[in-house]
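The next block holds one structure in the form of structure tokens; read it before the comments.
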Amino acid sequence: MNKPEQTVQELATEMAAKLGLDPRWLNNAARAYVPDGEDSEAALIAVADNLVLRVASPRFLLVMKLAAGRDRDIPDIGVLCQALDIKSADAAVDVAIELYGEDSIQLSDRDDLLLIASEVLEPFH
């Protein structure tokens, strides 16, 4: 008998083959960066029987990408800051600390987060 996670992964692998995506396009890698608490601004995408699919809000996505600190996330961080009308690195980092908490193990120290956010926000000024 398949576990739900296994079934989802099998479907994601089939979708990847049909759509020409990386077979690992859907994975658990982001799980470590999901802030505690409910994302009250998450978008409801579909409801089927007892399945509810939600997409994280721009605020949650922003702080998850800041916490991950990957170079490939830099363009996304810029787009999310624009969408959220965040104009300063301090404001972006404040959102991350608000959602994760000051002593979060997911976040780098404030100075590192400021470097990432400054790199992203600089082109928009």
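The values are calculated or read from the model by the stated rules, or taken from the named source; none is laboratory data. Bear in mind the structure is a predicted one, so any value in this text is a computation, not a measurement. As a convention, Cβ positions derive from the backbone with ideal geometry for all residues, glycine included, and neighbour counts pool all protein chains shown.
Surrounded by fewer than 16 Cβ atoms within 10 Å (Cβ to Cβ), of a type outside the set (G, A, S) and on the phi > 0 side of the Ramachandran plot: which single residue out of D22, D49, D109, D90 fits that description?
Testing whether each residue is surrounded by fewer than 16 Cβ atoms within 10 Å (Cβ to Cβ), of a type outside the set (G, A, S) and on the phi > 0 side of the Ramachandran plot leaves just D49.
Just give me the residues in the stretch 91-125 being at pLDDT 90 or above and of a type in the set (S, T, N, Q), in sequence order.
Within the stretch 91-125, just S118 meets the criteria.
Considering only the stretch 78-87, I want to know if a residue exists there that is exposed (fewer than 15 other Cβ atoms within 10 Å of the Cβ) and in contact with a His (Cβ under 9 Å, 6 or more places away or on another chain).
yes
Just to be sure I understand, how many residues within the stretch 95-119 are assigned to a helix (DSSP H, G or I) and within 16 Å of the chain's Cα centre (by Cα)?
Result for the stretch 95-119: 9.
For every residue, the table says whether it meets (1) assigned by TED's automatic domain parsing to the domain that holds Y100; (2) within 24 Å of V8 (Cα to Cα); (3) among the small types (G, A, S).
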{"residue": "G20", "(1), (2), (3)": "no, yes, yes"}
{"residue": "W25", "(1), (2), (3)": "no, yes, no"}
{"residue": "S40", "(1), (2), (3)": "yes, no, yes"}
{"residue": "A46", "(1), (2), (3)": "yes, yes, yes"}
{"residue": "A56", "(1), (2), (3)": "yes, yes, yes"}
{"residue": "K65", "(1), (2), (3)": "yes, yes, no"}
{"residue": "D71", "(1), (2), (3)": "yes, no, no"}
{"residue": "I74", "(1), (2), (3)": "yes, no, no"}
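Examine the stretch 55-63 for a residue that is within 22 Å of E5 (Cβ to Cβ), without any contact (Cβ under 8 Å) to a residue 60 or more places away in the chain and surrounded by fewer than 16 Cβ atoms within 10 Å (Cβ to Cβ), and state whether such a residue exists.
Among the residues of the stretch 55-63, at least one is within 22 Å of E5 (Cβ to Cβ), without any contact (Cβ under 8 Å) to a residue 60 or more places away in the chain and surrounded by fewer than 16 Cβ atoms within 10 Å (Cβ to Cβ), which makes the answer yes.
Can you list the helices (runs of 4 or more DSSP H) found entirely within the stretch 1-86 that contain at least 2 residues being modelled with pLDDT under 90?
Where helices (runs of 4 or more DSSP H) fall fully within the stretch 1-86 and carry at least 2 residues being modelled with pLDDT under 90, they are 4-19.
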